[in-house]
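A short write-up of the structure that comes next.
The values are calculated or read from the model by the stated rules, or taken from the named source; none is laboratory data. Source: prediction; values computed, not measured. For neighbour counting, all protein chains shown are included, and Cβ atoms are generated from backbone atoms with ideal geometry for every residue, glycine included.
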Amino acid sequence: MSPKIAVIYYSSTGTVHELAESVAEGARKEGAEVRLLRVAELAPKEAITATATAHGGQQSTLLAPYNSVHHFGGIIVTPGYTDPVKFADGNPYGTSHLNGQGAIPVDDTALAAAVYQGKRVAAVTARFKNA
């Protein structure tokens, strides 16, 4: 049986939506059944922020939910530096993109990293499912 994966994301500018679609594409390439789910905005407009600069916190944003996931016994599948594309995008914790507050389109490196992340999640999930 193929693994079932939900790619759950929020995107105010479309950047994260594009990356989420690439993650889903990678998981499907690995044989997973994928659902792409957009989360509705819950925060007031004044509270929304984006990673608009190179040191805007992409890695810490990805790391922030780890403690909660560990608390509930979850398993986090990070891409690490397990593929050459991760050396190109430079973020072993997950896929990220510098969007310049929506002014910089998602580039091929970020899309390739997202596809790889989806493939890796699907491959690891399949190992657990078939164990």
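Observations on the model:
- Residue in region 48-68 that is exposed (fewer than 15 other Cβ atoms within 10 Å of the Cβ) and modelled with pLDDT of 85 or more present: yes
Residue-wise test of (1) free of Cβ contacts under 8 Å to residues at least 40 places away in the same chain; (2) over 20 Å from Ile8 (Cα atoms).
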{"site": "Gly74", "(1), (2)": "yes, no"}
{"site": "Thr82", "(1), (2)": "yes, yes"}
{"site": "Gly102", "(1), (2)": "no, yes"}
{"site": "Tyr116", "(1), (2)": "no, no"}
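- Residue list for region 1-45, filter: outside any helix (DSSP H, G or I), in contact with a strand residue (DSSP E or B) (Cβ under 8 Å, 6 or more places away or on another chain) and farther than 18 Å from Val106 by Cβ: Ser2, Pro3, Lys4, Ile5, Ala6, Ile8, Ala32, Glu33, Val34, Arg35, Leu37, Val39
- Within region 84-100, tally of residues that are without any contact (Cβ under 8 Å) to a residue 60 or more places away in the chain and of a type in the set (Val, Ile, Thr): 1
- Residue selected from region 69-90 under the condition in contact with a Pro (Cβ under 8 Å, 6 or more places away or on another chain) and not in a helix (DSSP H, G or I), by the criterion surrounded by the most Cβ atoms within 10 Å (Cβ to Cβ): Pro79
- Of all residues making up region 100-131, the number that are modelled with pLDDT under 85 and either surrounded by 21 or more Cβ atoms within 10 Å (Cβ to Cβ) or hydrophobic (A, V, I, L, M, F, W, C) (or both): 2
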